[in-house]
Structure formats: structure tokens, C-alpha cells
1. When the residues of region 65-82 are filtered to those that are surrounded by fewer than 19 Cβ atoms within 10 Å (Cβ to Cβ) and either over 15 Å from LEU140 (Cα atoms) or of a type in the set (Ser, Thr, Tyr) (or both), which remaining residue is farthest from the chain's Cα centre (by Cα)?
2. Output the helices (runs of 4 or more DSSP H) that fall wholly within region 147-256 and possess 3 or more residues being touching a Pro at 6+ places or on another chain (Cβ under 9 Å) and crowded, with 19+ Cβ neighbours inside 10 Å, or say none.
3. Just give me the residues in region 4-43 being farther than 22 Å from LEU150 by Cβ and in contact (Cβ under 8 Å) with a residue 24 or more places away in the chain, in sequence order.
4. Just to check your reading of the model, which residue among LEU34, LEU103 is in the same structural domain as LEU312 (by TED's automatic domain parsing) and either modelled with pLDDT of 90 or more or touching a Gly at 6+ places or on another chain (Cβ under 7 Å) (or both)?
5. Could you tell me how many of the residues in region 153-185 are of a type outside the set (Lys, Arg) and over 21 Å from GLY206 (Cβ atoms)?
6. Going through region 262-304 one residue at a time, which ones are touching a residue at least 40 places away in the same chain (Cβ under 8 Å), of a type in the set (Val, Ile, Thr) and either surrounded by fewer than 19 Cβ atoms within 10 Å (Cβ to Cβ) or assigned to a loop (DSSP other than H, G, I, E, B) (or both)?
7. Taking region 118-130 only, how many residues are closer than 14 Å to ILE58 by Cβ and at pLDDT 65 or above?
8. Looking at (1) without any contact (Cβ under 8 Å) to a residue 24 or more places away in the chain; (2) farther than 30 Å from PHE319 by Cβ; (3) among the basic types (Lys, Arg), which one does ARG182 not meet, given that it meets all the others?
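The values are calculated or read from the model by the stated rules, or taken from the named source; none is laboratory data. Just so you know, these numbers come straight off a predicted model, no measurement behind them. Every residue, glycine as well, gets a Cβ built from its backbone with ideal geometry; the counts of neighbours run over all protein chains shown.
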Amino acid sequence: MHRNALFFALLAVFCLPVFFLSAKKQPFRLRNCLLLAFFVSFLSLTVSSFFSSEIGKIPDVFFQICFCLLLFVSAALLWSGAAMIRRESVSLVRCVPFFSGVLFAIGGAAGLILMRKGLLGPGIGSLFILSLLSWVSLLLISFLLYVLILPSFSRPEVFDAIIVHGCALIHGDQISRILAERLETALWLYHYGADKPLIVLSGGRGDDETITEAKAMRRYLCEQGVPDEHIVLEDRSHSTEENLHFSWKLLSKVPHSRLALVTSNYHLFRCLMQAHELSIPCKGFGSPVAAYYWPNAVIREFAAVFRRKRCLLGSMFGFLVFFVLLVGARHILGIL
């Protein structure tokens, strides 16, 4: 038992520094989430080795831990969805996290019941199904963790320009709390050095908005004492990609070499990923959001990231590596 625990612990210890080095150098890479998923999986296998008195029971404990992680995610989504409906207004978009939480709860509970009842046999088919469900759980947890810790990799410095991503206004023309936090983060960077950077405010006008998000953000910054000549408006965009593309085109007209990207912490990974795809060199800074809103926002980001073909293929490749490692453990350690 202790030999197996040591083996998995060493693998976990190996993954962690590789993850930090990769995230520090290239925070926009999907491999950072996959490395974190492998770290969590090896850590779970280490715990499983200590909790199981029989070597052959280690994978059963591991799969149960993964299903419990899925239940944890579902509980966070249910709480977030209920809080969103209670504090804001009922809409289909705001109900999605709640229904996602119900779906994950059913999946986690079903997996635990099937294992407890012994309804899944020891064959390779059952191992594949359990591995797939476990990988989804690990990928969710790793994405949540990565989005949470990603902003900590950024350090303030003097920038030539700051791009602030807009988001929906309330009552048609008022800054929301989420958008105010983004602007406060931009102000923190703006006042960091003696040389004041340009602040590019990016956001068009939605169907239920009376003014553009960029104009509403300019009004907020001017009230905070930022001179109008230090503000550039980008008021045509309606998506993250357009935010970046149109803002970058505006900045091509002025000299700059150090660029900061400001958005909410849950949105930062996807922004950096798309900035890299558009060949925009920048450093990302994430602003905080309310705790009740965070699980709701992250699950939408998870769906947005992994529905991209490249990311979906990367996660499938990660699963194949994960499955091969589990099957290989049967021959290396004789635990399956």
C-alpha cells in the first residue's frame, strides 16, 4: 500500500512544478489545465492508496473520490444557480448552472451507487466508462482551480496601454458590480507608475442597453479622475474576440510595447487564449466577482472553452493518456 502511495505521490510532485512553470510562462495554454488534472488525479490515487486496506480496492476508492468531486461541483452549481435566481431575475441563462448542477449530481450519485452495488464488472469496458466519468470530474475540478489561481501569476508593472473588457450594463446605462471591479483593477494598474497608460474601454451596445458599454465605462473612469485624453473607446464589439480584435486595431495607431488585459477572473483564461490566437502580446489581470456568481460564470467558461475544436481534441488526448496510465498501472503495480 505504501509503495503504491509513494509511486503516485512522486507522480503528483512531478506534475506540480511542471504545471507552475508552464502556467507562468504561457498561461494561455490548455496544457496547464491538463497538467493540473493529472496532478489532482495522482493526488487522489495517493489518498486512495492510504484509505484502501486491499491493493485491489485502490481504483474503486479512486473512482469514488472522483464522483465525490463531481458531487462537490454540483453542490456549488446548485447553490450558485439558486442564489442567482433569488438575487437577480429568473431567465433561461441563469437557470443553466442550476440544471447543470442537477445533471452532475445525478451523474455523481449514479456512479457511486453503481460502484456500491457492484453493478459494474472488472472488465476493460467498465474501466473505460469509470475512467471517462472520472476524467470529466477531474477536468472540471482542474479548470475551476486554474481559473481561481491564474490571476495570481500576474504582477503589476508600468504598461503603455490597458484593455478593459466590457460586460452587460444594468438598467440600460448603469455599471454593474462586475464591470466596476474590472474598472477598479484598471485604475489600480493606471496609478501604479508615474507614466500613465492609455485605457482602451471595449464594449458595444446590447439590445437592452441605451448606451454602449464603452461610454458607460468612460463615465465611471472620468468620475474617478482619469483625464479623457487617456481614454480610448472601442464601442463596436459584441464578443470577447471582437473586444480584442477591435481594441488591437485601435492601438496599432499609437506606440505601445507593454499591454495589459483586464477582465473578470473567471474570464481571464479564455481572453488570454484568444489574445494568443490573434497574436496580441499582453499580460492578463483578473478582477474579483461575488462568490455566489463565480460557479455560474466558471461553468459557462468551461463550456465555451471546451466546445472549441482544438480544446476538445486536447481534452480527449488527455483522457487517452489518463486511461492508458490506469491500464498500465495494472501491469506496473498490479493494483487493477
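1. Per the criteria, the residue is ALA82.
2. On the way: elements: 177-190, 213-223, 240-251.
Answer list for region 147-256: 177-190.
3. So the first thing to find is which residues in region 4-43 are farther than 22 Å from LEU150 by Cβ, and the list is 4-11.
Hits for region 4-43 are ASN4, ALA5, PHE7, PHE8, ALA9, LEU11.
4. Details: LEU103 fails: either modelled with pLDDT of 90 or more or touching a Gly at 6+ places or on another chain (Cβ under 7 Å) (or both).
Going through LEU34, LEU103 in turn, the sole match is LEU34.
5. The first filter runs over region 153-185 and keeps only residues of a type outside the set (Lys, Arg), leaving 153-154, 156-176, 178-181, 183-185.
Still in the list and also over 21 Å from GLY206 (Cβ atoms): 153-154, 156-162, 184-185.
Count: 11.
6. Narrowing region 262-304 to residues touching a residue at least 40 places away in the same chain (Cβ under 8 Å): 262-269, 271-273, 275-276, 282-290, 292-296, 298-302.
Now restrict to residues that are of a type in the set (Val, Ile, Thr): 262-263, 289, 298-299.
Correct list: VAL289 only.
7. Pass one, region 118-130, residues closer than 14 Å to ILE58 by Cβ: 122, 127, 130.
Narrowing the set further to residues that are at pLDDT 65 or above leaves 127, 130.
Going through region 118-130 one residue at a time, the tally reaches 2.
8. (1)
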